[in-house]
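Step one of this worksheet: look at the structure below.
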Amino acid sequence: MTLIKSISGIRGTIGGNVNDNLTPVDAVKFAAAYGSWLIKRNPGNKKLTVVLGRDARISGKMISSLVANTLVGLGIDVKDLGLSTTPTVEIAVPLEGADGGIILTASHNPKQWNALKLLNEKGEFLNGQDGQEILQLAENDDYIFSDVDNLGKYTKEKGYIDKHIEAVLGLDLVDVEAIKNANFKVVVDAVNSTGGIAIPKLLDRLGVACIKLYCEPNGQFPHNPEPLAAHLTDISELVVKEKADVGVVVDPDVDRLALICEDGSMFGEEYTLVACADYVLGKTKGNTVSNLSSSRALRDITEKHGGNYQASAVGEVNVVQRMKDIDAIIGGEGNGGIIYPASHYGRDSLVGVALFLSHLANSKLSCKTLRNSYPSYFMSKNKIQLTPTLDVDKILAAMATKHAAEEVNTIDGVKIDFEKEWVHLRKSNTEPIIRVYTESTSQKNADDLARRIMDEIKAIITK
């Protein structure tokens, strides 16, 4: 089964059977449920508007047409940005005074996948309660379409990536002059999606020499689109060959940012946020947030600058809420997602690139030297396969009790903080597994901690 319904949207593989894959029928049903939720949320005769955008996936045009016309059929106006990025759609929603937004992207999933990601009137992802209401509407086919005199209007909105870039350049801490004076050369891998439009345009405005790699937005991903080291050998080699200052890698919808040092080594996805936070905190005192599975390095950098670091449950909506709770000035997730409220409450690689290059230009350090200036932590990511009959919550509670003498956080699974390392245990919502993430001061220590914790879990299971 490759159709996954969650509070944040619906994703699946194209083709196949209804209710098992992301077929045209499923796309229409979920779009209708979202539109119906908007109508119920806004009673009266107000004309509703939804902003629509998509990444460059092969199926994007088909899914976009289905979603747009479904909303029009509900009497909702659609403003279609066409090829866009997730953060571009997020900033467009409030700028257009829209009531919501839909981004058609399966993020880092391979090309056969697509998804509908749903936004509220603030251009932010829906909370759990709202998402659950939409799932219920879809389950019950609970929607009423408009008569012919009250259909919505469909319009194309061009130039929003340019508007997004203008907004980034206007941020107080984006030091355009310093970046221009640094004469950077940057290689960009946009995995043949919409980052190939947005990132080179941004770099051009920043006076950066840009070498394009896989920047044709045709949806033919040349490698696994998740920006992990194993998938990025081509750009690593090209950065060295071109004697570039840095390599920039984005995922298909441009909300995750990975960086390559001048020697071809990975800056580290976890450290994208660390570096940007270091720059922002050095200019503006404040607090930070990342999720429980993100590196401890952000906490170290935040405390170095006299700020307060807090961890949230995993998931962008949870990070955003915690950031609002403590008035954090920057936050995000360890997968290279930068959330900078001075721009908007959403992960944004354009903002990340601009802040990082500002930091690099002001520090006058090479990318590798900058990376080496941060505390080095190493992660190990594992999972334990379970039988469906096991009580995962009971297992996690037993682990929390076993390590009660340590700092234990149970807002999302069980996070156990030891003096120099940590482990985060989470159950999957879609399969019978426990995810075991560890971090320590060396790869060996992280792997050893993971093995020890997994042995403890297995001992609890067999007891």
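Computed quantities for the displayed model
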| item | result |
| --- | --- |
| Test result for Gly97, surrounded by fewer than 24 Cβ atoms within 10 Å (Cβ to Cβ), among the small types (Gly, Ala, Ser) and more than 17 Å from the chain's Cα centre (by Cα) | yes |
| Residue among Gln310, Gln321 that is under 16 Å from Ala297 (Cβ atoms) and out of contact with any Cys (no Cβ under 7 Å at 6 or more places or on another chain) | Gln310 |
| Those residues of segment 122-151 which are part of a helix (DSSP H, G or I) and either within 21 Å of the chain's Cα centre (by Cα) or loosely packed, with under 15 Cβ neighbours inside 10 Å (or both), in sequence order | Gly128, Gln129, Asp130, Gly131, Gln132, Gln136, Glu139, Asn140, Val148, Asp149, Asn150 |
| Sole residue being farther than 21 Å from Ile301 by Cα, under 26 Å from the mean Cα position of the chain (by Cα) and of a type outside the set (Lys, Arg), chosen from Glu431, Glu421, Glu456 | Glu431 |
| Counted residues, segment 401-437 - those being surrounded by fewer than 18 Cβ atoms within 10 Å (Cβ to Cβ) and of a type outside the set (Lys, Arg) | 18 |
| Complete set of residues in segment 193-222 that are surrounded by fewer than 24 Cβ atoms within 10 Å (Cβ to Cβ) and either closer than 16 Å to Ile58 by Cβ or not assigned by TED's automatic domain parsing to the domain that holds Asp251 (or both) | Tyr214, Glu216, Pro217, Asn218, Gly219, Gln220, Phe221, Pro222 |
| Near pairs, Cβ below 9 angstrom, 6+ apart or cross-chain, from segment 152-164 (farther than 14 Å from Leu95 by Cα) to any residue that is among the acidic types (Asp, Glu) and crowded, with 16+ Cβ neighbours inside 10 Å | Gly152/Asp77; Lys153/Asp77; Tyr154/Asp77; Tyr154/Asp80; Thr155/Asp77; Thr155/Asp80; Lys156/Asp80 |
| Scan of segment 179-194 for residues that are at positive phi and within 26 Å of the chain's Cα centre (by Cα), ordered by number | Val191, Asn192 |
| Every pair of residues 6+ apart whose Cβ atoms lie under 6 Å, when the first sits in segment 355-377 and is within 22 Å of Ser343 (Cβ to Cβ) while the second is assigned to a loop (DSSP other than H, G, I, E, B) | Ser358/Val174; Ser358/Asp175 |
| Odd one out for Arg41 among (1) out of contact with any Leu (no Cβ under 8 Å at 6 or more places or on another chain); (2) closer than 30 Å to Gly195 by Cβ | (2) |
| Residue tally, condition farther than 21 Å from Gly247 by Cα, in a loop (DSSP other than H, G, I, E, B) and touching a residue at least 24 places away in the same chain (Cβ under 8 Å), over segment 322-346 | 5 |
| Residue in segment 299-311 that is within 13 Å of the chain's Cα centre (by Cα) and either more than 28 Å from Val436 (Cβ to Cβ) or touching a residue at least 40 places away in the same chain (Cβ under 8 Å) (or both) present | no |
| Test: Asp204 is farther than 21 Å from Gly334 by Cα and of a type outside the set (Val, Ile, Thr) | yes |
| Single condition Val314 does not satisfy, out of (1) at pLDDT 95 or above; (2) among the hydrophobic types (A, V, I, L, M, F, W, C); (3) more than 21 Å from Ile199 (Cβ to Cβ) | (1) |
| Wholly within segment 238-321, strands (runs of 3 or more DSSP E) carrying at least 3 residues that are of a type in the set (A, V, I, L, M, F, W, C) and assigned by TED's automatic domain parsing to the domain that holds Ser363 | 246-250, 257-260 |
| Enumeration of residues in segment 79-121 that are closer than 19 Å to Ile7 by Cβ, in a strand (DSSP E or B) and charged (D, E, K, R) | Lys117 |
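The values are calculated or read from the model by the stated rules, or taken from the named source; none is laboratory data. All of these numbers come straight from a predicted model, not from anything done at the bench. FYI the Cβ positions are ideal-geometry reconstructions off the backbone, even for glycines, and counts take in every protein chain you see.
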